[in-house]
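Inspection log for the structure reproduced underneath, given as structure tokens.
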């Protein structure tokens with residue numbers, strides 16, 4: 001089952017080819033800027049994910065704290 005999943009993933013030669021194409025498309029000077037932007041995007045995504053998880057956790061705690069007599073039917 002696991003081997004069927006791994007068939008589509010790129011290996012060493014494919015990753016080198018992808019890196020070469022990216023280098024050709026963006027050039028050596030633009031590549032650090034591209035990676036910086038990618039890192040910033042990932043960081044923002046992780047922060048947003050953490051905020052959502054925190055809000056869900058807080059909501060669950062509030063729901064658990066409410067007494068059973070206040071629940072609406």
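Taken together, the values in this text are just the output of simple stated rules run on the coordinates, not laboratory data. The structure displayed is predicted, hence computed values, not measured ones. Every residue, glycine as well, gets a Cβ built from its backbone with ideal geometry; the counts of neighbours run over all protein chains shown.
FRET efficiency for the residue 29 to residue 50 pair, using the beta carbon distance and R₀ = 25 Å, is estimated at 0.15.
Note on residue 57 and residue 16: the model spin-label points, each 7 Å out from Cα along the C-beta direction, lie 4.4 nm apart.
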